[in-house]
Every structure is written in structure tokens, then in C-alpha cells.
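This report concerns only the one structure given below.
Just so it is clear, none of the values below were taken in a lab; they were calculated from the coordinates. It should be emphasised that the depicted structure is a prediction, and the values quoted were computed from it without experimental measurement. Cβ coordinates were reconstructed from backbone atoms using ideal geometry, including for glycine residues, and neighbour counts include every protein chain displayed.
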């Protein structure tokens, strides 16, 4: 058990041959104390970690029927708060504004739905990834399209993103139609106007949760990492969270988190706990194409 594990096992004193097993430390006794003048120390002094999450963005975050926050980002945010010995408080914002909430001081950390790239990492302080996503296909349930190579001559919709692999570079006869949003693309697939859509699986899970009759399929067309955002320059705080994420991986918490939040949409198979660093994830999307360097 690592020094930062806060979900301690409840263990009674057991009598063994030759002696007794001593009681484990209380979780609070293993929470490190940070200088109040530091970012993490200030959070501990306040007694609350303020977490910005995107509004209505399953599986990352969404409100339950009683209004309580739920989702992968919520569970990870609570794990980080436990590691600091504080409560977690959640605030929601449009997906393109959660990072700004950290930069403005309205939140301590944020869970954006944008992946780590070399260009973004120069401007934003990320932890190591807590989720590794992939570009895949969105199709109607029962569709004969199961892979990108089934799309020859077909029309597909796409929401342009800097990390996206253009499908017409894989299958030249594909006709690509640009969609304003992933929801627009989902409606086109649902109406049969296009044979498939494409986006990151994190985005596709969100639209599948809101649109019946659709499913995610196909091979992984890319790999992209999603990390927790701190204010610029807070690298030591990010390093502490990296250790918490490593402990969660060692304790198999990612297995439970992914089964709960990703499992309803992707079961073939569930993703593994991330092992890449933020820097390694960024190299998957260099600022300039390798051939231009």
C-alpha cells in the first residue's frame, strides 16, 4: 500500500501464530501536509478542492436526477480530494470554459474534454492522463459498418479537431461532411443521412448517452490522453496528483471507474489504466508534423 492511498481497508486485529498484526494507520495520518503558502497547502487550509467539470458531458460528468454530480471526472476528483484530506466541491461550465475557470481562480483543478497535445502542453499544466481515448466510428445500431474500411464510397460526418485522423486519408472514396457539433453528427447518423460519424470515443460516449439507437464501433484510429488541469506553473501540484493517479492504478481503482462510466458504451474491451506521462501523451500530437521538423 503506497503512502498516498486514502481508501484504507478496514482491518480488525488478527491473531496469528507467534503474535498479532498491528492495526493500520488511520487514513488521515497518511495525508501529507503542505505549506499554507503553496497551492496544495492553501486547498488544505480551505478544506475543499474546487473541481471544474464540463456540464452534461457523460461519461466525464453529468448531474444525476437529484442534481448530484456523477461521472469519471467526479470520481477522480474525489480521489484527489481524499489524497489531500479535504472535501471535493464541483462546479460546472461549458466544455470550452472549464480551463478558464482554473486560470481565473474560480476552481483549483479542471477536467477538460480536450486531449493533451504538444501545443496545448506549452500553455496549460496537465497531470499525467487519467484516460486514454481513441478516435472511432459512430454508427446506427445494426449497421453493416463495423470498421473504417466498410465505408468505401459512403458519406460520413466529422467534427474537425486537431487530433483527428481524416478518414478520406484512409479510404480515399469516403465523402466527408463537416458537422458543427458531435450532436449534429449524431443526428445525421440517426436520420441515415450519413453512414457513420467520427470523433474521439470520449465525445461519442456523450452523444450515445443522449441519442438512442447509436453505438460506437471500429478500430482505434488514434490515441489521445486526457489529464487534470492546474493553474499555469503548478507543476509540483501536478506531480502530487500524478502520484495519486499511480496509486489508483496500483489499487485497481481504474478498473472500477471504467467499468462504471465507460462500460455502458465501450466493452470491447474496457481500456487499461493509463501509464503514459503528460509529456509522452503530448508527443502523440507534435506541434509540427514530424516530416516538417
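Numerical summary
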| quantity | calculated |
| --- | --- |
| Ordering of 252-262, 173-183, 98-108 by packing [mean C-beta count within 10 Å, highest first] | 98-108, 252-262, 173-183 |
| Rg and Dmax [Cα atoms of the chain; Å; Rg one decimal, Dmax integer] | 21.2, 75 |
| Paired Rg and Dmax values of segment 135-217, which use every Cα atom, in angstrom | 11.1, 31 |
| Kirkwood Rh and Cα Rg combined as Rg over Rh, evaluated for segment 61-161 | 1.06 |
| Between segment 34-85 and segment 87-137, the Cα center-to-center distance that results, in Å | 12 Å |
| Residue-averaged [θ]222 nm for the chain, counting only DSSP H segments that reach four residues, each worth -39500 (n - 2.57) | -8000 deg cm²/dmol |
| Among 63, 278, 186: highest mean-square fluctuation, GNM of the chain, C-alpha pairs under 10 Å | 63 |
| Modelled FRET efficiency - R0 45 Å, residue 106 with residue 177, Cβ distances, 0.05 increments | 0.75 |
| Peptides 159-167, 141-149 ordered by average Cβ neighbours within 10 Å, highest first | 159-167, 141-149 |
| Per residue Cα convex hull volume in Å³ - calculated over segment 118-174 | 117 Å³ |
| Highest-fluctuation residue, 191, 136, 243 considered, GNM on the chain with Cα pairs under 10 Å | 191 |
| Whole-angstrom gap from segment 218-293 to segment 195-214, using each part's C-alpha centre | 20 Å |
| Of 39, 72, 138, the one that fluctuates the most in a GNM where the chain has Cα springs shorter than 10 Å | 39 |
| Whole-number percent relative contact order across segment 135-217, with pairs defined as alpha carbons under 8 Å at least 6 apart | 44 percent |
| Per-residue Cβ neighbour rank within 10 angstrom, fewest leading, 190, 210 | 210, 190 |
